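Report on the structure given below.
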Amino acid sequence: MITETRPGRGLAVAAVLAAALIWSSSFAVTKVALARIPPMTLGALRFVVAAAVLGVVVHTGRHRLPSLRQRLVIGFAGLLGITAYFALENAGVDLATASDATLIVAAYPIITLALSGRAAFSPVRLAGMLVAVGGVWLVVRGQTGGGSDHRLWGDLLLVAGGLAWAVYNLVVRRDGSGASPIVVTYYQTLAGAGGFVLLSLTEVDRWSVPAGGDLLRIAFLAAFCSVAAFLLYNYGLRGLEPSVAVNLLTIVPVAGLGWAVLLAGETLSLSQLLGGAVVIAGVSLGSLRKEA
């Protein structure tokens, strides 16, 4: 049977960064899909497909499966990191602007650090996180875009999503099942999909048959943003402190601008380029180990 050892720090950082690059595209794809698909329904479709893909891989391979009790703990993490977080993110992105979302996501490392306990703090690490957040402010300050009348509610939902994501990181870090990342991701996704299916029932009156383009967006969100990125992130989280792993996600807004240039033909201002450089510097500084 297949077992997993903890990755080295270099591999762990690389895995989390790869997950961040994939996730950086999800805001734009989700925003487009939300024009025709309700937020909870989009989450249900995305994670049901992801759970099905992962289920085939797990149950046709020789993976060691966790006990029932361990599955319940992993499933609880899935309800936090998938159902709770992505429900809040989808609803928040639907109401707020893209600039709001990217700036608030940049604050997630501070939330995780605050919940990680005193052992996670060091002057260098905290300084790095603050520098990274300042860089993201430079990145998004020149962006424009109209929000809805409920923009403040969208911002608050995104902040609440940060709390759910921080708790998810702490729960996953304490996972003692010894299961491989793909098995952990499968049971998390299965639980998260179940939670989303229940939430989507509140949107039955808004259901319709998705168009071809939306089906492709759902497939992308499921296969890449859910399966591939979560596998990479869960793998990396085994070798990093939660506050460091989440701090690495600060590059998501910067990478998101890159996707905007490549896919939408947008141009970057000098302020945004400078902000991207500051974010990278802050992420590097915040990833340093806490000194004894």
Note down all Cβ pairs under 6 Å where the first residue falls in the stretch 218-245 and is free of Cβ contacts under 8 Å to residues at least 40 places away in the same chain and closer than 16 Å to THR189 by Cα, the second is of a type outside the set (Asp, Glu) and open to solvent by less than 10 Å² (accessible area, probe 1.4 Å), and they're at least six residues apart or on different chains.
none
If THR41 satisfies all but one of (1) surrounded by fewer than 18 Cβ atoms within 10 Å (Cβ to Cβ); (2) at pLDDT 90 or above; (3) closer than 30 Å to VAL261 by Cα, what's the number of the condition it fails?
(1)
If you go through the stretch 233-252 one residue at a time, how many are within 22 Å of LEU138 (Cα to Cα) and not aliphatic (A, V, I, L, M)?
2
Which one is modelled with the lowest pLDDT among residues in the stretch 229-255 that are under 17 Å from the mean Cα position of the chain (by Cα), more than 16 Å from PHE27 (Cα to Cα) and open to solvent by 10 Å² or more (accessible area, probe 1.4 Å)?
PRO242
Looking at (1) crowded, with 22+ Cβ neighbours inside 10 Å; (2) in contact with a Ser or Thr (Cβ under 8 Å, 6 or more places away or on another chain), find the lone condition where LEU199 falls short.
(1)
Give me the pairs: first residue in the stretch 107-136 and modelled with pLDDT of 75 or more and part of a helix (DSSP H, G or I), second residue open to solvent by 10 Å² or more (accessible area, probe 1.4 Å) and among the basic types (Lys, Arg), beta-carbon distance under 6 Å, and six or more apart or on different chains, which are they?
none
Cβ-Cβ under 6 Å, sequence separation 6+ or interchain: first residue in the stretch 170-189 and in a loop (DSSP other than H, G, I, E, B), partner modelled with pLDDT of 80 or more and not acidic (Asp, Glu). Which pairs?
SER177/PRO66; SER177/GLN70; ALA179/PRO66; SER180/HIS63
Could you say whether any residue in the stretch 80-88 is modelled with pLDDT of 90 or more, on the phi < 0 side of the Ramachandran plot, part of a helix (DSSP H, G or I) and more than 14 Å from the chain's Cα centre (by Cα)?
no
Could you check, for the stretch 34-57, whether at least one of its residues is touching a residue at least 40 places away in the same chain (Cβ under 8 Å), closer than 28 Å to GLY213 by Cβ and polar (S, T, N, Q)?
yes
With the first residue restricted to the stretch 272-283 and required to be assigned to a helix (DSSP H, G or I), and the second required to be of a type in the set (Lys, Arg) and surrounded by fewer than 21 Cβ atoms within 10 Å (Cβ to Cβ), Cβ contacts under 9 Å at 6 or more apart or on different chains are GLN272/ARG141; GLY275/ARG141
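The values are calculated or read from the model by the stated rules, or taken from the named source; none is laboratory data. Predicted, not measured: the structure shown is a model, and the values here were computed from it. So basically every Cβ, Gly included, is an ideal-geometry build from the backbone, and we count neighbours across all protein chains shown. All accessible areas refer to the heavy atoms of the entire protein, side chains included, with ligands and DNA or RNA removed. Shrake-Rupley method; radii C 1.70, N 1.55, O 1.52, S 1.80 Å.
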